[in-house]
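**Student:** Below you will find the structure I want to go over with you.
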Amino acid sequence: MLRILVQTGKAVSICEVARQIAQVCEKRGHIVTLNRQMLTTHTLKGLFDAAIFVYPVAPAWCTKWFYYYSKAVKEIGRAVYYTTTEGRIKRWLIHDWVRRDCEFVACSNYVASKLREVGLRVRAVVHHAAHVDDHEQVEKLAEQYRKLLQSRFGDLVFFACVSDLSFRKGLDKLVEAVKLLLTKRRDFAILLHTKPDVLKMIQGTPHIVLVGEFGTRDHDEVMAFYRACHYLVFPTLAEGFGLPLLEANFMSRPAVVTKLPVFSEYADMEHNIPVETHSIQLFDNEDGVLYELHQYDVRELASALDYAIDLVKSKKSEYEDRCVKVREKVKDMTSDRLYTKILELVGG
């Protein structure tokens, strides 16, 4: 039995990853402290036997966590830095001691390649996982959501969209695509689970509805939301992994999704509905990463949404086949299977 610190920040996605890692550790009989605040101790020795840090590699604000990780390695010997990034790391912001003293566990081969480009050492690649705490309850909740949606909106095709309002998430492009699609048809609804500030963006655009605030719902509720809808729409421009795609597919829901290279590592892109990209624009958010924004034509996104609606309305068996196929590809990507690898890296 180990005393394990799982240390993370406040971003919704990495908090959920850290929670699932902590849960896996507890299932294996370890004593776990999940901490989302700044560390208040100068040493981990005597308090913990192992430490798992779940943070991005963004040098402008993560260098302190590189230091805490390297300190944990020296003091207790068992530590992992599980990480992501969404672009090209600024080499000149990586100190030599980070290259010398730190090893990283990447959440995708894409992330691993970005780390290696700047001379950072990659210990392993462990993909993110999909997880449901209570499968029976999620199915019941999904059915309740489905009935609620039908009673409120009628016989529409529903697209779930779970996202924050980051510049790289592409919600502005989704709004433009919906405006184009509305000139042709109105038998659909985009259901946004995001920040209330989105109301300014969607004002005057019918068939886009804010149904929940990002980061305020229990994870099983979000998974039930995916299940209740026909599709996920994921108009993102840059991802280190892309948890919404994995989670929607895990709940047997295909996605209308930007065709980013990282998605091909784990998702069935033939049976999802990909939107081709035509170029990469580098964006400097002043956090030490040049984000690789994969650009696409909003007309192609509108066309993909149109095609997805037609599948449900006119080609039901093909739609249902896609649901089965996308689930089949990711069904084994569970937290028990994947995050156990993280635990094993710290000797658990």
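No lab work stands behind these numbers, since they all come straight from the coordinates. Given the structure is predicted, the values throughout are model-derived calculations rather than measurements. Reconstructed Cβ throughout: ideal geometry from the backbone, glycine too, with neighbour counts over all protein chains shown.
**Student:** Calculate how many DSSP beta bridges within the chain are antiparallel, expressed in % of all such bridges and rounded to the nearest 5. Spell out each step's value before the answer.
**Tutor:** Values: 9 of 49 bridges.
If we restrict to bridges inside the chain, about 20 percent are antiparallel.
**Student:** Using the Karplus equation 6.51 cos²θ - 1.76 cosθ + 1.60 (θ = phi - 60°), what ³J(HN,Hα) coupling, rounded to whole Hz, does each residue of segment 273-284 give in order, writing x for Gly and Pro?
**Tutor:** Values, residue by residue: 10, x, 10, 5, 9, 10, 6, 10, 10, 8, 10, 9 Hz.
**Student:** Right, here's the next one. Over the chain, with a Gaussian network built from C-alpha contacts below 10 Å, which listed residue (305, 182, 191) shows the highest mean-square fluctuation?
**Tutor:** Highest fluctuation among the options: 182.
**Student:** Here's a follow-up. Just how many % of Cα pairs in the chain lie over 34 Å apart, if you round to the nearest whole percent?
**Tutor:** Of the Cα pairs, 26 percent sit more than 34 Å apart.
**Student:** Taking N as the number of residues in segment 257-330, what value does Rg over Cα atoms divided by 2.2 N^0.38 Å take?
**Tutor:** This ratio for segment 257-330 stands at 1.35.
**Student:** In nm, to one decimal, how far is the residue 97 label point from the residue 152 one, both placed 7 Å along Cα→Cβ?
**Tutor:** Between residue 97 and residue 152, the label points sit 5.2 nm apart.
**Student:** Order these peptides, 38-46, 314-322, by their mean beta-carbon neighbour count within 10 angstrom, highest first.
**Tutor:** Numbers: 38-46: 11.7, 314-322: 13.7.
Order by mean packing, descending: 314-322, 38-46.
**Student:** Taking Rh as the Kirkwood radius computed over C-alpha pairs, what is the Stokes-Einstein D of segment 44-149 at 4 °C in a medium of viscosity 1.567 mPa s, expressed in µm² per second? Walk me through the numbers on the way to the answer.
**Tutor:** Values: Rh = 15.7 Å.
D = 82 µm²/s.
**Student:** Follow-up question, since we're still on this one. Take segment 124-233, drop everything but the C-alpha atoms, weight them equally and run the Debye formula without solvent; then report log10 I(q)/I(0) at 0.16, 0.23 Å⁻¹ to two decimals.
**Tutor:** Log10 I(q)/I(0), no solvent term: -0.77, -1.35.
**Student:** Let me ask you something else. Anyone know which of 196, 254, 56 comes out most mobile in the 10 Å Cα GNM of the chain?
**Tutor:** Largest GNM mean-square fluctuation: 196.
**Student:** Averaged over every viewing direction, what's the projected area of the C-alpha convex hull for segment 155-217? Give it in nm², one decimal, please.
**Tutor:** Over all viewing directions, segment 155-217 projects a mean Cα-hull area of 4.3 nm².
**Student:** Which of 329, 140, 90 moves most in a GNM of the chain, Cα contacts under 10 Å?
**Tutor:** Comparing 329, 140, 90 in the GNM, the peak value goes to 140.
**Student:** Counting residues in segment 199-308 as N, plug N into 2.2 N^0.38 Å and put the Cα Rg over that result.
**Tutor:** On the way: Rg = 14.8 Å, N = 110, 2.2 N^0.38 = 13.1 Å.
Normalised by 2.2 N^0.38 Å, the Cα Rg of segment 199-308 equals 1.13.
**Student:** I need the fraction of alpha carbon pairs in segment 54-94 separated by more than 17 Å, rounded to a whole percent. Could the numbers behind the result be given before it?
**Tutor:** Values: 269 of 820 pairs.
Beyond 17 Å sits 33 percent of the P(r) for segment 54-94.
**Student:** Using the C-alpha atoms of segment 135-332, what convex hull volume per residue, in cubic angstrom, is computed? Kindly include the intermediate steps, with their values, before the conclusion.
**Tutor:** Working: hull volume 24.3 nm³, N = 198.
Cα-based convex hull of segment 135-332, divided per residue, equals 123 Å³.
**Student:** Something else about it: Using packing as a proxy for protection, rank 258-267, 9-18 so that the peptide with the highest average count of other Cβ atoms within 10 Å comes first.
**Tutor:** Per-residue mean Cβ counts within 10 Å order the peptides as 258-267, 9-18.
**Student:** Using the Kirkwood formula on the Cα atoms of segment 83-127, what hydrodynamic radius do you get, in angstrom to one decimal? Provide the component values of the computation, followed by the final result.
**Tutor:** On the way: mean 1/r = 0.0961 Å⁻¹.
Over segment 83-127, the inverse of the mean reciprocal pair distance is 10.4 Å.
**Student:** Over the Cα atoms of segment 3-75, what is the Rg over Rh ratio if Rh follows Kirkwood? Mind dumping the intermediate values first?
**Tutor:** Values: Rg = 12.0 Å, Rh = 12.6 Å.
Result for segment 3-75 is an Rg/Rh of 0.95.
**Student:** Past the 23 Å Cα-Cα mark, which pairs from 27/169; 173/259; 173/325; 10/64? Could you put the intermediate results ahead of the total?
**Tutor:** On the way: 27/169 34 Å; 173/259 15 Å; 173/325 28 Å; 10/64 15 Å.
Violating the 23 Å limit, Cα to Cα: 27/169; 173/325.
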